[in-house]
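Below is one structure, written out as structure tokens, with a few remarks after it.
Nothing in this text is a laboratory measurement; each read-out follows from the coordinates by a stated rule. Here the structure is a predicted model, which is why all the values come from computation and not from measurement. Cβ placement follows ideal geometry from the backbone for every residue including glycine, while neighbour counts extend to all protein chains displayed.
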Amino acid sequence: MIDPKFEVSDQVRDMALRSVEQAEKAVSSFMESAGKSVATVPGPMTELARQALAISEKNLKASFEHARKLMQANDLSEVMRLQSEFIRNQFGVVSEQFKQMAGGAAPASNEVEKT
């Protein structure tokens, strides 16, 4: 089976990279603002909200890094390999994050019940 090479010009790759960088800056700015907002509202769920934001930020950073790698792919098999690795890695990360959030949710809900 022939694995066709991608014919993507350097200009298109550069434009795509700039777009990812702009999106990453916008998301980073949003996450920073969200973090400041969470910090201004004290309460039993504040720590859980901080954890959720940190997890979201980590997942978004991984997605942006994945996008950069995909932009450098030269053929379909490389795209499929990168995608497979990303999904496998993220599945493990999300499983661990779920355990982390579930562990933090119980104490927070107990604090809510007390108030």
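One residue is enough: does segment 76-89 have a residue meeting the conditions of a type in the set (A, V, I, L, M), surrounded by 15 or more Cβ atoms within 10 Å (Cβ to Cβ) and part of a helix (DSSP H, G or I)?
Checked against the condition, which is being of a type in the set (A, V, I, L, M), surrounded by 15 or more Cβ atoms within 10 Å (Cβ to Cβ) and part of a helix (DSSP H, G or I), segment 76-89 yields at least one hit.
Can you tell me which residues in segment 43-84 are under 21 Å from D14 (Cα atoms) and either of a type in the set (A, V, I, L, M) or touching a residue at least 60 places away in the same chain (Cβ under 8 Å) (or both)?
If the condition is that a residue be under 21 Å from D14 (Cα atoms) and either of a type in the set (A, V, I, L, M) or touching a residue at least 60 places away in the same chain (Cβ under 8 Å) (or both), then L60, A62, A67, L70, M71, A73, N74, D75, L76, V79, L82 are the ones that fit.
Restricting to segment 18-46, and then to whatever is under 14 Å from the mean Cα position of the chain (by Cα) and among the aliphatic types (A, V, I, L, M), can you tell me which residue is nearest to M101 (Cα to Cα)?
M31
Return the residue satisfying two criteria in turn: it lies in segment 30-66 and is among the β-branched types (V, I, T) and more than 30 Å from E78 (Cβ to Cβ), and of such residues it is surrounded by the fewest Cβ atoms within 10 Å (Cβ to Cβ).
Filtering first and then ranking leaves T40.
Do we have any residue at all in segment 2-14 that's assigned to a helix (DSSP H, G or I), surrounded by 15 or more Cβ atoms within 10 Å (Cβ to Cβ) and hydrophobic (A, V, I, L, M, F, W, C)?
No, the conditions are met nowhere in segment 2-14.
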